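FYI, it's all coordinate maths here, none of it is from the lab. Everything numeric in this text was worked out from a predicted model, so none of it was measured. Cβ: placed from backbone, ideal geometry, glycine included. Neighbour counts: every protein chain shown.
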Amino acid sequence: MFVALEPRRLYRQAAEQLRTLIEAGEVRPGERLPAERELAERLGVSRPTIREALIVLEVEGLIQIRMGSGVYVSARSNRQPEILAADDSDGPFEILQARCLIESAIAEEAARKVDSESIAKLNSILAEMEGSLDDSHQALALDRAFHTAIAD
């Protein structure tokens, strides 16, 4: 079922192998994937590599990561295959690092220009986010709305 991977952009190889298993029906929609530790052992990679692979698959819409519950195959896929086809130079962690730098500057500027209407809008979005923890697609949409509201 699993094959050990070569040490070249391992998270992409791990994501591809997990995607193949899902698309072949070896892990069906709604089923829980094995724990990170088990996936890492089966694929012969580290847990951080598995985490990056899972981020790729979640962004592609193939899986849902439910905090405290595990990783489940999505019932329907909103795949974005260009994620894996992207340039090998930047992985999810590098992109998140760049996002942190940019968003810090945006947050600083927003803090200078904040008004009560903006704060009310952010609080409203946060309240919605609390109710969407089990729906990753809604949570992602609300996360985007939150960050966009800060930038506005």
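Before moving on, here are some points about what is shown:
- From most to least packed by mean Cβ count within 10 Å, the peptides 137-143, 56-62 give 56-62, 137-143.
- Karplus (6.51, -1.76, 1.60) ³J(HN,Hα), θ = phi - 60°, over region 10-16, in Hz, Gly and Pro reported as x: 4, 4, 5, 5, 5, 4, 4
- Protection proxy ranking of 12-24, 112-124, by the mean of other Cβ atoms within 10 Å over each peptide's residues and highest first, is 12-24, 112-124.
- Overall form of region 10-85 per C-alpha gyration tensor (a/c, 1.5; a/b vs b/c): rounded
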